[in-house]
Amino acid sequence: MMLGSGLSTQVGASVAALAFPVIGPAGVVAIRQWVAAIVLLAVGRPRLRTITRRQWRPVVGLAAVFAVMNLSLYTAIDRVGLGLAVTLEFLGPLAVALLGSRRVLDLLCGLAVAPAVVLLTRPQATTDYLGVGLGLVAAMCWAFYILLNRKVGRELPGVTGSAAAAGLSGLAYVPVGVVVLLHHPATLATASYALVAGVLSSAVPFLVDLLTLRRVPAQFFGVFMSVNPVLAAVVGLVVLQQDLAIVDWVAILVIVSANAVAISFGGRGDVAQRDAGHHSPVPVERCDVLHGVPELAVTPAFGKVSADGEPRSSRTTQ
């Protein structure tokens, strides 16, 4: 199920790329946001009237992050390819983890990642600096997503906050989608690609991860899902014929290894504290490293679930 979830996310992104020539990344993102909003609102069933003005502030911020993160990532995929774009995006959660840590091991992970990033973004005749920059914008958004999700999780129960944020983001993309689709009418095939991308990259991972987290330790889940950049590179090669140089593969593997090491050896103190009687749900981040915010399963398009797979509000320790 973990492998299926990761492959579903990356295959969904590759299918989305097939629609880019007709409706562009903005059109695909609009449809994906609508699918994400419909699914999460149906699953979470948030009571919007109970949300106070103070609670709406981080929810609105989270909605903005949803909107910018997916658009910047999909535009980066269009310009620099799936493997590189997803790898750059993973730098966001890795940065949150490393900046929030004081361990020597994490410093070594950071020192290993730095030259890998330089290799991936090294100047070449064909380097698309705008695409690289948008990948880094997606990374920054994912970092803000983590921090805002923690705040929303403390303020609101279950997936109420994330469902409301997904709904707002989907609503914000209505005029964007209308304008794009009026100027670039979607063919049946293109619309199908976008809808499939929304299902594969949003609905399927969310539901599968709920089931998976009831069966495997959350930390192992986080380590396994950190291979997503590799899956993205492989899917990009097979589906989109986006080949990478050997040094790019090496750089991706270094970044994945840094994620895995940080998750594997991070957060043990928090887990021990919880096992000893401190029962606050401690977070694990889906698809990335977050030992600094250990054990909260999060999907970028959705909200968070606890280690036993049940939606909940999380009070985190760092």
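The values are calculated or read from the model by the stated rules, or taken from the named source; none is laboratory data. Predicted model only: the values in this text are computed from it and were never measured. Using ideal geometry, Cβ is built from the backbone for each residue, glycine included, and neighbour counts are taken over all protein chains shown.
Of all residues in the range 19-33, those that are charged (D, E, K, R) have Cβ atoms under 6 Å from Cβ atoms of residues that are in a helix (DSSP H, G or I) and at pLDDT below 95, 6 or more apart or on another chain, in R32/A197; R32/G198. Given the criterion of a type in the set (V, I, T) and surrounded by fewer than 21 Cβ atoms within 10 Å (Cβ to Cβ), identify the matching residue among T87, T50, T75. Result: T50 is the single residue among T87, T50, T75 that is of a type in the set (V, I, T) and surrounded by fewer than 21 Cβ atoms within 10 Å (Cβ to Cβ). For A42, indicate whether it is in contact (Cβ under 8 Å) with a residue 40 or more places away in the chain and either part of a helix (DSSP H, G or I) or of a type outside the set (A, V, I, L, M) (or both). Answer is no for this residue.
Take the conditions of a type in the set (A, V, I, L, M, F, W, C), touching a residue at least 60 places away in the same chain (Cβ under 8 Å) and either under 22 Å from V179 (Cα atoms) or out of contact with any helix residue (DSSP H, G or I) (no Cβ under 6 Å at 6 or more places or on another chain) (or both) and apply them to V11. Does it pass? Spelling it out, it is not the case that V11 is of a type in the set (A, V, I, L, M, F, W, C), touching a residue at least 60 places away in the same chain (Cβ under 8 Å) and either under 22 Å from V179 (Cα atoms) or out of contact with any helix residue (DSSP H, G or I) (no Cβ under 6 Å at 6 or more places or on another chain) (or both). Just one of the listed residues (L147, L188) is free of Cβ contacts under 8 Å to residues at least 60 places away in the same chain, surrounded by fewer than 24 Cβ atoms within 10 Å (Cβ to Cβ) and within 30 Å of G100 (Cβ to Cβ), namely L147. The set of residues in the range 45-76 being assigned to a loop (DSSP other than H, G, I, E, B) and within 19 Å of V180 (Cα to Cα) is empty.
Just checking, does the range 77-92 include any residue being farther than 20 Å from V235 by Cβ and modelled with pLDDT under 95? Yes, the range 77-92 contains a residue that is farther than 20 Å from V235 by Cβ and modelled with pLDDT under 95.
Of all the criteria given as (1) modelled with pLDDT under 85; (2) within 20 Å of V29 (Cβ to Cβ), the one not satisfied by V216 is (2).
Residue-wise test of (1) of a type in the set (A, V, I, L, M, F, W, C); (2) surrounded by fewer than 18 Cβ atoms within 10 Å (Cβ to Cβ); (3) at positive phi.
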residue: F206; (1), (2), (3): yes, no, no
residue: V227; (1), (2), (3): yes, no, no
residue: L237; (1), (2), (3): yes, yes, no
residue: D243; (1), (2), (3): no, yes, no
residue: V250; (1), (2), (3): yes, yes, no
residue: V261; (1), (2), (3): yes, no, no
